[in-house]
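No lab work stands behind these numbers, since they all come straight from the coordinates. Here the structure is a predicted model, which is why all the values come from computation and not from measurement. Virtual Cβ from ideal backbone geometry, glycine too; neighbours counted across all protein chains shown.
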Amino acid sequence: MLGECVEWVSLTDFGRMRKVREDGQTFVDNACKKAIGYAKKTQLWTIADDSGLMIDALDGAPGVKSARFSGAKGKNRKLLDHKNMAKVLDLLRDVPKEQRTARFVCSLCLATPDEIMIATEGTLEGIITDKEIGKNGFGYDPIFFVPELNKTVAQLTRKQKNAISHRGNAIRKLKPFLEQLLENS
């Protein structure tokens, strides 16, 4: 989504590398901590993200703990996703539909080994359903309903999701800054 004007590499291109600990209080804290941490390790400009689900009726939870909200551990992503969704649905069991407002949030950060160059944020507003609907996507997609599309995110194609997603929105904000930085460097 950011174009082909640079050579893109991922952390897997660097072999085994110690993960940067995500212990920030906000999505932007974690994204910037990862971006500058990995930029120092690789000596390359680095883009990192942190994202998750914020539910108004749960005072913003699961928030930065979205991936580990249920407390479950393991490497089976699908099982962890189902446990996280089950916890959300249980906590919202008696909450009326009109109070189940939520948003996906994605913070992106671009850093050099020495400084944070830019941070952006994208959101997607929606409503938490009372059951899983759809098979596409991952995480909380099957319980996140987008009223404008009358579908959950898990019912969208990859192209539809990229057009409206929190990550897509954050990337679209970052792209002009990245292009300008590349032009001037």
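Worth pointing out:
- Full extension of the chain between D59 and N136 gives 25.0 nm of extra length, using 0.36 nm per residue less the Cα-Cα distance.
- Each label was represented as a point 7 Å from its Cα along the Cα-to-Cβ direction; for Q180 and L44 these points are 2.5 nm apart.
- Pairs beyond 24 Å (Cα-Cα), from K73/K175; K97/K135; K34/K97; K97/K151; K19/K73; K73/K97: K73/K175; K34/K97; K73/K97
- Candidate cross-link partners of K131 among the aspartates and glutamates, defined by an alpha-carbon separation under 12 Å and a same-chain spacing of 8 or more, comprise D90, D141.
- Rounded to the nearest 20 debye, dipole of the chain from Cβ charges on Lys, Arg, Asp, Glu: 860
- Euclidean distance between Cα centres, segment 54-107 to segment 121-185, Å: 16
- Efficiency of FRET between W8 and D94 - r from beta-carbon atoms, R0 35 angstrom, step 0.05: 0.15
- Taking every Cα-Cα distance in segment 70-115 and sorting them into 5 Å bins from zero, the calculated P(r) comes out as 4, 15, 15, 16, 16, 12, 10, 6, 4, 2 percent.
- Under the Debye formula (equal points on every Cα, no solvent term), log10 I(q)/I(0) of the chain at q = 0.10, 0.11, 0.12 Å⁻¹: -0.43, -0.52, -0.62
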